[in-house]
1. For the stretch A:64-98, give me each residue that is part of a strand (DSSP E or B), more than 14 Å from the chain's Cα centre (by Cα) and farther than 21 Å from B:Ser80 by Cβ.
2. Between A:Phe31, A:Phe39, which is open to solvent by 30 Å² or more (accessible area, probe 1.4 Å) and of a type in the set (Phe, Trp, Tyr)?
3. When only residues in the stretch B:115-150 that are of a type in the set (Val, Ile, Thr) and open to solvent by 10 Å² or more (accessible area, probe 1.4 Å) count, which is nearest to B:Gly48 (Cα to Cα)?
4. In the stretch B:60-74, how many are under 11 Å from B:Val143 (Cβ atoms) and open to solvent by 50 Å² or more (accessible area, probe 1.4 Å)?
5. Can you report the number of residues in the stretch B:83-134 which are among the small types (Gly, Ala, Ser), at the interface with chain A (Cβ under 7 Å from one of its Cβ atoms) and in contact with a Lys or Arg (Cβ under 7 Å, 6 or more places away or on another chain)?
6. Go through (1) open to solvent by less than 50 Å² (accessible area, probe 1.4 Å); (2) at the interface with chain A (Cβ under 10 Å from one of its Cβ atoms); (3) within 15 Å of the chain's Cα centre (by Cα) for B:Glu77 and report which single condition fails.
7. Counting only residues that are outside any strand (DSSP E or B) and open to solvent by less than 10 Å² (accessible area, probe 1.4 Å), how many does the stretch B:96-114 have?
8. Condition first: within 7 Å of chain B (Cβ to nearest Cβ) and touching an Asp or Glu at 6+ places or on another chain (Cβ under 7 Å). Now tell me which residues in the stretch A:59-91 satisfy that.
Amino acid sequence: MKMRAKLTGEVTEVKVIISHPMETGRKKDDFGQLIPVHFIQLVVATLNENPVLEMQWGTGISKNPYLTFHLKGAKVGDKIAVSWVDNLGNTGTGDILVAT
Amino acid sequence: MRRRDVLKLFAGAMAFVLLPINAIAAGLNLKWNKAAFEATKLADASKGLNISAETPSKDIDLIAPDRAENGAIVQIEITSRIPNTEAISVLVEHNPTVLIGNFIFSNGALPYLVTRIKMAETSDIKIIVKAGDQYFTASKNVVVLENGCG
């Protein structure tokens, strides 16, 4: 997971890229076999352990999901973390400290 | 060690690894909305999200390309100026399953979002904003030149 959190004035801009295939289950491989559905379903972003953005995703989010969101009230050095779980029970987490 | 024990140990370890995110999700009451995400029609997705009445609003900005070269990656930017915006849902009318994502804001998160979505064919993108028990919508048509759902 790649993350960035930049404070400008009062607003912190958070950018996140998660590495994930986000397979719809409708695509075929080179041998004509359907690639099984495999996608992130739940994502939670927290600021100092408090949830700020909770997400439910379907298969329509692009491969290697990209996200930008804005927070008010975060300070330099605050911790922003992102956790996800996919339909197969795989999980991932990442975090970053707010910088200017 | 017998095979059975090894498997048991492995299962135990897996459960332990899976615990944190499940604990997070459970603590937040966040569940994947199967009915809404498996809906193939806008009306069914709205029903799955427990939305009864929707009002079109000019206070939702949806920035998306007029024409997308590649439907696999269509970047969208959403801003809601509706007071007390709690959640933003993104839907694509002509996708095999219409609901793309549901985004719930709290604790100082501003009702703003940039993400990238898949579009199977030319379609309206529909945004639904939840504010209290009211729902507001905005739409934009995007022409897709190459399909992105495979």
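1. A:Lys79, A:Leu97
2. Answer to the selection: A:Phe31.
3. B:Thr137
4. So in the stretch B:60-74, the residues under 11 Å from B:Val143 (Cβ atoms) come out as B:64-69, B:71, B:74.
Subsequent filtering for residues that are open to solvent by 50 Å² or more (accessible area, probe 1.4 Å) retains B:66-67, B:69.
The total comes to 3.
5. The total comes to 1.
6. Against the list (1) open to solvent by less than 50 Å² (accessible area, probe 1.4 Å); (2) at the interface with chain A (Cβ under 10 Å from one of its Cβ atoms); (3) within 15 Å of the chain's Cα centre (by Cα), B:Glu77 comes up short only on (1).
7. Residues in the stretch B:96-114 being outside any strand (DSSP E or B) and open to solvent by less than 10 Å² (accessible area, probe 1.4 Å): 1 in total.
8. Correct list: A:Thr68, A:His70, A:Lys72.
The values are calculated or read from the model by the stated rules, or taken from the named source; none is laboratory data. Just so it is clear, the model here is predicted, and its values are computed rather than measured. Positions of Cβ are backbone-derived with ideal geometry, glycine not excepted, and every protein chain shown enters the neighbour counts. Note: accessible area is taken over every heavy atom of the protein model, side chains too, but ligands, DNA and RNA are not part of it. Shrake-Rupley method; radii C 1.70, N 1.55, O 1.52, S 1.80 Å.
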